[in-house]
Amino acid sequence: MSGSLITFAFSIYFPFEWALTAFFEVLNMCDIGAGLRNLGNTCYMNSVLQCLTYTAPLANYFLTCEHSKRCVKKGFCMMCLMQKHIAQVKRIAGHFKQGRQEDAHEFLRYAVDALQQACLTGYDSLDRTTTFIHQVFGGYLRSEVRCLNCSGVSDTFDQFLDLQLDIKKANSVIEALKEYVRPENLGESCYKCSKCNKMVTATKTFSIHQPPNVLTLCLNRFDVFSENKISKMVTYPEFIDIHPYTSEKSEGTINYRLYAVLVHAGNTCNSGHYYCYVQAPNSKWYKMNDDCVTPVDINTVLKLEAYLLFYIRYELLYLPCLSNRIPTNLIPATPKHQQPPMRQPAGSGTAPM
């Protein structure tokens, strides 16, 4: 969904508190789960499923079995499948067939989208932002186009489930994020300003307008056309503050903690091998290489050629009471027909995507 205004849904079908209230029960767990058997080029699936398994809010939700109690979808349901996986991790391999090696990031997006669609079965598609999946992974990006002739600003907002970072010139995730939010010159006569009523020179700036509860970063290691891999070390922190990359101008911090890293070994996205590192509820790190599970330390985790990074909002881990917490962006202030826009654009126009 995109547009100059953000439309919020007014029926909360999937309260985020379902997962948060159970979070501390999972923190009391002390053991890592089982590995997943490789059925032939299924390492990309195994790695993604392990990262999703150790996404605490998602795992907690599945442990409540709330979805299966409500599910009205006939036939295959990704949410029901994941619920069974979380409950009985050893049996997940039987649900997949042997096939070609695929891109783990592509499979992650497919899996999350399938979870999203399963949540929406029986509901209006406009309620996408109320699904539990969106409340875990979803955020909003702001695209600000500024006319350099009249200084008019046009804002558009787009949902996102992960951020894809260009690492060709970046040696760290911090550098890549800075580049992501750096203003881009659209060039002369590339943007039509409605105020000026003509084609003008303008800049376009992306920023995180609404941070997600779980931040997924994809380091773009594969060339879109050749599929060749960018093999180099891109450093990333255990803790990250993304406030500098948001559209929020006031002082403050928005802190996240790393909990999973997915790695690719090989030269192209459709060859080689995928494996991951996850932080268990006991705070210890483990390498999940198909059915082989081995303990590792954080220093090892921070020295990998990462492909996907998973961070969780720090406050979700350490707030003393979460029983009544629902993200404020999902609480309507006025009836639907009276709802005000989130922000009225200062200007409008058209520009290339």
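Among Val136, Val200, sorting on how many other beta-carbon atoms sit within 10 Å of each Cβ, with the fewest leading, yields Val200, Val136. Taking amide H as placed 1.01 Å from N in the peptide plane, Met288 has its amide H under 5 Å from the amide H of Cys276, Tyr277, Val278, each at least 5 places away in sequence or on another chain.
Computed from backbone phi, the HN-Hα couplings of the range 184-193 come to 10, 7, 7, x, 6, 6, 10, 9, 9, 8 Hz, rounded to whole numbers (Karplus: 6.51 cos²θ - 1.76 cosθ + 1.60, θ = phi - 60°; Gly and Pro given as x). The Cα atoms of the range 176-261 give a gyration tensor whose axes a ≥ b ≥ c have a/c of 1.5 or more with a/b no greater than b/c, which makes the shape oblate.
Once you've got the Cα coordinates, tell me which of Lys168/Lys229; Lys198/Lys249; Lys168/Lys287 are over 19 Å apart. Pairs exceeding the cut-off: Lys198/Lys249; Lys168/Lys287. For Lys232 and Glu188, the difference between the fully extended length at 0.36 nm per residue and the C-alpha to C-alpha distance is 12.3 nm. The stretch between Lys168 and Ser283, if pulled fully straight at 0.36 nm per residue, gains 38.1 nm over its current Cα-Cα span.
Just so you know, all these numbers are worked out from the coordinates, no wet-lab data involved. Since this is a predicted model, take the numbers as computed values, not measurements. Every residue, glycine as well, gets a Cβ built from its backbone with ideal geometry; the counts of neighbours run over all protein chains shown.
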